[in-house]
Each structure stands twice: as C-alpha cells, then as structure tokens.
Amino acid sequence: MSYIKSLTSELMIKIPNGSIELRDDRIKQKWMVEIKSFWLAKFPVTQSFYFEITNESPSTFSGKNKPVETVTWRDAVYYCNALSDKYGLKQCYIFDKNEEIIFDHTTNGFRLPTEAEWEYACKAGSTGARYGNLDDIAWYKKNSEGRTHDVGEKEPNAWGLYDMLGNVWEWCSDIYDAEVYASYRIFRGGGWCDVERSVMATTRRRSHPIKFKIDDLGFRVARNLEEH
C-alpha cells in the first residue's frame, strides 16, 4: 500500500454512496443531492497538523490536539492545496489571474467537503437533528467551559467521525448564494459557544471567504476515492 493510501485509510473514513435532502429555511426550499463515495477525515484539522503544513499557529485557544480555528475559508483551501502538494496529489483549488478561486471537485487532492457531503456524513444514516445525545457527542455552550477541546473526546457518529457537531464550525467548499451573498462560503456544525438549538446537522451559516475568521470556526479535509 502506498503511503498516501495508508495515510488516507488511517486518518479518514470511507463514506458510502447515498443521497441527502438539504433545506434552506431562509428561502423555504428543499433539494436532493446524490453523494458519491468519498473520504472524510475522522477529526477536524488539529493545530499540530496545521502547523506541520503551514508553519503557522493562528488559533485563539492553544493546544496541539485542539482543532485549528481563527482561519478563513481561503486559509483552509490553502492548507488543502499545500497538503496535496506534500503528497504529490493534484490540487483541488485553482487561483485564476484575478485571485478568484475555482474548485475542481474531480481531482485526487485534498479538499473541503461540499455541504451536501458534510451533512450526509454528519448524519451517518440517522434521521434526526443530531446523531446522538448532544452532551455525549458535542462541546457546546452548556458544557464547553468557554473554549475548544481536544478532538476525539466525545462519542463519534455511526460512521466513526468525531466532532461533527460542536467544538468548532467547519468550512465547506460551497458558495452559499452567489446572487445575494456573492462569494460567501458555507460553514456547518455548530461550535463551543453555541446554544443547543444551533448545534444541529441541518444548521447552515455563511460568511466572507477571505475576511471572516473567528475562534469557533475550523475545518476538516475530504478526498475523492481513487478510481481503478
């Protein structure tokens, strides 16, 4: 087995094919998305992994096994591209001459999940707002003591993914609504300072990809399956 395949299989979960119904309460719409099998990291990117690739420590709450936070969407995709470069994979994010970012979903490199992939993976076959009792699966306002915590301390979902809810929100690749919000990108999952009603698999938020960063927003990486 090659090193990159070993790395993927040890640190990432193979998410099966399926479909997910997304909804936007703001515009009162629902839509179905088909999901192709893909890899998704077991944990949000930690500060130690982020430093190893970028030599930077942007987080407000210091700790090598805590999720990296206080990163913009562009910081997250730079990380994905740099991680791809390290392992000889093709980058998923292309910067054009105007510094606009084009997302190539077809390459073999590391990337952010789409929001459909994120919600599908978060639910892991469950049908409710959460994949378990909130105190058992997530750090949120009631139990976080006002800070992030090391990843993997709460119970995983049925597919073995940790911290999909709570601890930090997670950037996704998608633009939210180009006509209304221009380049704003989506983030999902709720964070350590959110109240219970905000920490759900279906909660959608968005913000500026270059200017916005905050101490409860990080990311996890995804990767397409290799085709043989």
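For this structure, a couple of remarks:
- Prolate/oblate/rounded call for region 111-228, Cα gyration tensor, a/c under 1.5 rounded: oblate
- Each residue of region 166-173 is assigned a 3J(HN,Hα), and the resulting list reads x, 6, 9, 4, 10, 4, 10, 5 Hz, derived from the Karplus form 6.51 cos²θ - 1.76 cosθ + 1.60 (θ = phi - 60°), x at Gly and Pro.
- Taking amide H atoms as placed 1.01 Å from N in the peptide plane, the amide H of L112 lies under 5 Å from those of A222, each 5 or more residues away in sequence or on another chain.
- Shape class for region 47-86: oblate, because the ratio a/c of the largest to smallest gyration tensor axis (alpha-carbon atoms, square roots of eigenvalues) is 1.5 or more and b/c is at least a/b.
- Over the Cα atoms of the chain, the radius of gyration divided by the Kirkwood radius equals 0.93; this is the Rg/Rh ratio.
- Listed residue pairs exceeding 31 Å between alpha carbons, taken from K90/K211; K28/K213; K28/K64; K123/K213; K90/K154: K28/K64; K90/K154
- For L225, the solvent-accessible surface computed with a 1.4 Å probe is close to 50 Å², ligands and nucleic acids excluded.
- Sequence-distant contacts, meaning Cα pairs under 8 Å at least 6 residues apart, place the relative contact order of the chain at 25 percent.
- A full extension of the chain between I175 and K90 corresponds to an added length of 28.4 nm, given 0.36 nm per residue minus the alpha carbon distance.
- If only the Cβ of Lys and Arg carry +1 and only the Cβ of Asp and Glu carry -1, the dipole of region 1-136 around its Cα centre is close to 300 debye.
- Summing Cβ point charges (Lys, Arg +1; Asp, Glu -1) relative to the Cα centre of region 62-118 gives a dipole of roughly 320 debye.
- Partner aspartates and glutamates whose Cα lies under 18 Å from the Cα of K142, excluding those fewer than 8 positions away in the same chain, are identified as D150, E153, E155, D163, D194, E196, D215, D216.
- Probe 1.4 Å, accessible area per residue of the chain, Å²: 48 Å²
- The modelled label-to-label distance between D135 and E52, using points 7 Å beyond Cα along the C-beta direction, is 3.5 nm.
- For K36, the aspartates and glutamates whose Cα comes closer than 18 Å to its Cα, not counting residues fewer than 8 places off in the same chain, are E21, D104, E115, E117, E119, D174, E226, E227.
- Shape category assigned to region 15-91 from the gyration tensor of Cα positions, a/c cut at 1.5: prolate
The values are calculated or read from the model by the stated rules, or taken from the named source; none is laboratory data. For clarity, every value in this text was computed on a predicted model and none was experimentally measured. Neighbour counts run over all protein chains shown; Cβ positions are idealised from the backbone, glycine included. These area figures cover heavy atoms from the full protein model, side chains too; ligands, DNA and RNA do not enter into them. Shrake-Rupley method; radii C 1.70, N 1.55, O 1.52, S 1.80 Å.
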